[in-house]
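To start, the structure itself, in structure tokens.
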């Protein structure tokens, strides 16, 4: 790839740690293969859409995107909220560690024996051990003054022995239960998010009347292309494409059983006595759907993988 081609591509900040494996898989499925050695943070994506890719702790990503070091980044929404960085939230990307969809919650916790059942019931002046000091400060701003101590992780281990209250991230809640803790309040619902630098995404100007106007930024087309490639790939994971034959007499009854993004694809076969019908359907519906299709006339059914589902650009 010529250097002048790569210079116009996006600079992308990618998360290491728990999101790294899922990010590598997602980009590979989106035909944006990432070449990365095990011990290096810098990576290469041989596609003109992206000129630079760097893996880093997701907590660093929002501020680096906000200041323009990178055009776009992928991290948890909790990192964006905690950093208080001014970025554009382009899209939710429902993936995480393993089979997780990346959804989680920032929660205020205490021992199950603690009498507090809501954030308003936390005593003023209490010490709160928090992995998210800024989110915690904002959550308590309307209630009472507290003493926030920064936690480097593993907050559950310190509650209630070292600190009465803690703020941490949880997805299934299994770790909280195992440590005898309860959720007093949910401070934030988070998910994996594609973010963009504001100036790269859009720019501000003035109309002749003096009113503010927003213009497309210099990287908006590339940002939206990346968004569609990634979200389309994630949407495709939940679908397969079914192709089947059906006689003309039973076609209408079969079509009533088929969900589709719009309408099924129908092709007349030779002689007009049979039709080929194709539709993208959700994997979660397959076990119930396939028997119904055969009951209503389906023949020679073939199931095919779907690589992308992009409903509109």
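The values are calculated or read from the model by the stated rules, or taken from the named source; none is laboratory data. The structure displayed is predicted, hence computed values, not measured ones. Here the Cβ is made from the backbone with ideal geometry for all residues, glycine too, and neighbour counts use every protein chain on show.
Annotations
- The criterion of at least 3 residues that are touching a residue at least 12 places away in the same chain (Cβ under 8 Å) and under 16 Å from the mean Cα position of the chain (by Cα) is met, among helices (runs of 4 or more DSSP H) falling completely within the stretch 1-92, by 20-29, 77-83.
- Identification of helices (runs of 4 or more DSSP H) wholly contained in the stretch 215-313 with 3 or more residues that are in the same structural domain as residue 73 (by TED's automatic domain parsing) yields 220-236.
Quick grid of which residues meet (1) surrounded by 18 or more Cβ atoms within 10 Å (Cβ to Cβ); (2) closer than 29 Å to residue 47 by Cβ; (3) touching a helix residue (DSSP H, G or I) at 6+ places or on another chain (Cβ under 9 Å); (4) modelled with pLDDT of 90 or more:
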{"residue": "200", "(1), (2), (3), (4)": "yes, yes, yes, yes"}
{"residue": "230", "(1), (2), (3), (4)": "yes, yes, yes, yes"}
{"residue": "238", "(1), (2), (3), (4)": "no, yes, yes, yes"}
{"residue": "254", "(1), (2), (3), (4)": "yes, no, yes, yes"}
{"residue": "283", "(1), (2), (3), (4)": "no, yes, no, yes"}
